[in-house]
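The block underneath contains the structure these notes are about, expressed in C-alpha cells.
The values are calculated or read from the model by the stated rules, or taken from the named source; none is laboratory data. Quick caveat, the model's predicted, so the values are computed rather than measured. Reconstructed Cβ throughout: ideal geometry from the backbone, glycine too, with neighbour counts over all protein chains shown.
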C-alpha cells in the first residue's frame with residue numbers, strides 16, 4: 001500500500017509550493033514519524049528537494065485547480081503496481097505531479113495512511129487517517145501503535 005494524499009490536501013500542497021515560488025518538478029512531500037508527542041509518535045510533513053535512495057516514493061497526478069476553466073472532478077484511478085492515485089479531469093491539459101517520499105522506518109507506521117486537509121471553523125490543517133494507529137491524541141498530531 002501507499003501513503004495516500006487526498007485531492008484537497010494535494011491542492012493545499014500545490015498552493016503552498018506556488019506561494020513559496022518553489023519548483024514543483026524538484027519538490028517532494030516528505031512524510032514521516034518521530035518519537036514524541038502526547039501519544040508516542042508525531043507525524044512529520046516537509047517540502048524538500050532531498051530524496052534518499054532508500055526512500056519509498058509515490059507519484060500522484062492531479063489536475064491543476066482553475067486551469068482550463070473548471071475545477072477537477074472527483075474521479076480517481078489507482079495504479080495497482082505503485083498504489084498511486086491519479087485524479088484527472090477530461091480536457092485538462094495541465095497536471096500537478098505530487099511526489100510523496102517516506103523513509104523505510106516511518107513507512108512501517110504510515111503504510112496505508114491517508115493525508116487530508118481540513119479547513120473548518122475550529123481550525124485548519126493536515127489530518128492523518130492512519131489504520132496502523134491504535135490510539136491518537138485529541139489534536140490528531142500524534143499517535144501510538
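Would you confirm whether or not region 32-40 contains a residue that is modelled with pLDDT under 90, more than 20 Å from residue 130 (Cβ to Cβ) and surrounded by fewer than 14 Cβ atoms within 10 Å (Cβ to Cβ)?
no
If you check residue 77 against the conditions, is it at pLDDT 90 or above and within 17 Å of the chain's Cα centre (by Cα)?
Considered against the rule, which asks whether it is at pLDDT 90 or above and within 17 Å of the chain's Cα centre (by Cα), residue 77 comes out as no.
Within region 117-135, restricting attention to residues that are assigned to a strand (DSSP E or B) and modelled with pLDDT under 85, which residue is nearest to the chain's Cα centre (by Cα)?
123
Which of the residues that make up region 6-27 are closer than 19 Å to residue 50 by Cβ and either touching a helix residue (DSSP H, G or I) at 6+ places or on another chain (Cβ under 9 Å) or surrounded by fewer than 19 Cβ atoms within 10 Å (Cβ to Cβ) (or both)? Walk me through how you get there before you give the answer.
As a first pass, look at region 6-27 and keep what is closer than 19 Å to residue 50 by Cβ: 13, 16-17, 20-27.
Within region 6-27, 16, 17, 20, 21, 22, 23, 24, 25, 26, 27 qualify.
Among the residues in region 54-65, are any more than 19 Å from residue 106 (Cβ to Cβ), modelled with pLDDT under 90 and in a loop (DSSP other than H, G, I, E, B)?
yes
Evaluate region 96-116: report whether one residue or more is surrounded by fewer than 16 Cβ atoms within 10 Å (Cβ to Cβ), touching a helix residue (DSSP H, G or I) at 6+ places or on another chain (Cβ under 6 Å) and outside any strand (DSSP E or B).
no
Specify which of the listed residues (83, 138) is at positive phi, modelled with pLDDT under 90 and assigned to a loop (DSSP other than H, G, I, E, B).
Unique residue meeting the criteria: 83.
Which condition number in (1) on the phi > 0 side of the Ramachandran plot; (2) at pLDDT 90 or above is the one that residue 98 fails?
Going through the list (1) on the phi > 0 side of the Ramachandran plot; (2) at pLDDT 90 or above, residue 98 breaks only (1).
When the residues of region 1-34 are narrowed to those that are out of contact with any strand residue (DSSP E or B) (no Cβ under 8 Å at 6 or more places or on another chain) and assigned to a helix (DSSP H, G or I), which ends up nearest to residue 114 (Cα to Cα)?
15
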